[in-house]
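Presented below is the structure to which this report refers.
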Amino acid sequence: MKIIHISYNIPRPNFSDPEAWLKRISFTTHVLHHMATYASTVAIYNIQYKGFVEKNNVSYYFPNFSRWALRFPFRFNRFVKNLQPDVVIVHGLIFPWQVVMLRMQLGQAVKILAQHHAERPFWDVLRIFFQRWADRHIDAYLFASQDLASDWLAKQQIRNASKVKEVMTASSSFYPMDKKIARQVTRATGKHVFLWVGNLNENKDPETMVRAFTRFAHRHEGASLYMIYQSVELLRQLKKILSESSTGHRVFLVGKVENDELLHWYNSADFIVSSSHYESAGIAVCEALSCGCIPILTNIPSFRMMTQRGAMGVLFEPGDEDGLVSALARGVTLNRAEEVEKVLQRFNEALSCDAIARRIMQIIQEET
């Protein structure tokens, strides 16, 4: 069996080095490597490079089609067809016209799966029309949580709920290591070390995180929060909140950290916290779980799936500052050894690269 992963997107910023691109999306490529143990696996990416790379038994094609050629993808779809796939996994639900054309060019024998990557249902009439047309030609949808498909189903842009299959979008190659060694690298200190990773934007809601933590820290002197972020939209507001709090010095604004360095940060933390209002998967949380961090997360679909609906760690409602204070307080009372064991077991069974690969293969077998 040959499985081909495709996208009709051109990454931004531009990448001209295939190795740099594959490293950039390592949370996805590690899953592909594991899929290659079950079936012939191919991935096609349209970066600013034309060529072919074979790595870890996965064939990576870089045809370098233009954005215009991907919008009307006769040649691109023919390129896919010539590779003779049994299954094509289209990454992203924002290419309905392209999927319709893909089906017409591939015929009915090839299975088409569409993987959700944070997209929301269309609102304009023309795109809704094409999405409903494309829905007839898609055999299954891959969502990190079935709950994430509820809006698509409600708007009838996915008509059949049985087509929605739950499988994590990407995984982590990180692993647990000795906390003392990790903290020698990060210099993180505290009896209760919390880690927050994300962009400083409204969706990630770092202001609620900081306000709640500074309140929580009044009663827990050994608590510290480290915040890692790439973007700085709300940095000024955070600094203002911290400057006005007597416990603001217990929050450390680390800033940007290279992905490889995150291994030590996750292993320095006792808890991973997220105040996000929406996540299609939550890669940072997945990476933290792979290192045994206890989750304190918002009660949103992807996090409910990852934690088995709160069977480990603590969930709180998005934007609920009081709820987050309570969740932090409850978190430090948990039996850490037992929680870490549950976290690692859950990761290995449902969130690891091999678990995702096996789940996708199961879905494919159900559809063939």
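Summary table
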| read-out | value |
| --- | --- |
| Residue list for the stretch 55-75, restricted to those being farther than 18 Å from Ile138 by Cα and either open to solvent by less than 10 Å² (accessible area, probe 1.4 Å) or charged (D, E, K, R) (or both) | Lys55, Val58, Tyr60, Phe62, Arg67, Leu70, Arg71, Arg75 |
| Of all residues making up the stretch 222-241, the number that are at pLDDT 95 or above, over 26 Å from the mean Cα position of the chain (by Cα) and open to solvent by 20 Å² or more (accessible area, probe 1.4 Å) | 5 |
| Complete set of residues in the stretch 84-108 that are surrounded by fewer than 20 Cβ atoms within 10 Å (Cβ to Cβ) and in contact with a helix residue (DSSP H, G or I) (Cβ under 7 Å, 6 or more places away or on another chain) | Trp97, Val100, Met101, Gln105, Leu106 |
| Gln131 vs. criteria in contact with a Phe, Trp or Tyr (Cβ under 9 Å, 6 or more places away or on another chain) and free of Cβ contacts under 8 Å to residues at least 40 places away in the same chain | yes |
| Residues of the stretch 168-197 classified as in contact with a strand residue (DSSP E or B) (Cβ under 8 Å, 6 or more places away or on another chain), crowded, with 21+ Cβ neighbours inside 10 Å and in a loop (DSSP other than H, G, I, E, B), total | 2 |
| Criterion violated by His137 - all others in (1) open to solvent by 10 Å² or more (accessible area, probe 1.4 Å); (2) part of a helix (DSSP H, G or I) satisfied | (2) |
| Those residues of the stretch 290-317 which are assigned to a loop (DSSP other than H, G, I, E, B), farther than 20 Å from Asn267 by Cβ and over 18 Å from the mean Cα position of the chain (by Cα), in sequence order | Gly310, Ala311, Glu317 |
| Leading residue by the ranking (farthest from Ile112 (Cα to Cα)) among those in the stretch 198-219 that are open to solvent by 30 Å² or more (accessible area, probe 1.4 Å) and touching a helix residue (DSSP H, G or I) at 6+ places or on another chain (Cβ under 8 Å) | Arg219 |
| Count of the stretch 4-54 residues which are closer than 20 Å to Ala281 by Cβ, open to solvent by 30 Å² or more (accessible area, probe 1.4 Å) and touching a strand residue (DSSP E or B) at 6+ places or on another chain (Cβ under 7 Å) | 2 |
| Selection from the stretch 318-343 of residues that are surrounded by fewer than 20 Cβ atoms within 10 Å (Cβ to Cβ), in a helix (DSSP H, G or I), in contact with a Gly (Cβ under 9 Å, 6 or more places away or on another chain) and of a type in the set (A, V, I, L, M, F, W, C) | Val340 |
| Condition check for Ser276: in a loop (DSSP other than H, G, I, E, B) and open to solvent by less than 30 Å² (accessible area, probe 1.4 Å) | yes |
| Cross-chain or 6+ apart pairs with Cβ under 8 Å, the stretch 312-336 first and more than 19 Å from Pro206 (Cβ to Cβ), then part of a helix (DSSP H, G or I) and among the acidic types (Asp, Glu) | Met312/Glu339; Gly313/Glu339 |
| Among (1) open to solvent by 50 Å² or more (accessible area, probe 1.4 Å); (2) at pLDDT below 95; (3) outside any helix (DSSP H, G or I) - the single one Phe129 does not satisfy | (3) |
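The values are calculated or read from the model by the stated rules, or taken from the named source; none is laboratory data. Everything numeric here is computed off the predicted structure, so don't read it as measured data. All Cβ positions, even for glycine, are placed from backbone atoms using ideal geometry, and neighbour counts span all protein chains on display. Side chains included, ligands, DNA and RNA excluded: accessible areas come from the protein's heavy atoms. Shrake-Rupley method; radii C 1.70, N 1.55, O 1.52, S 1.80 Å.
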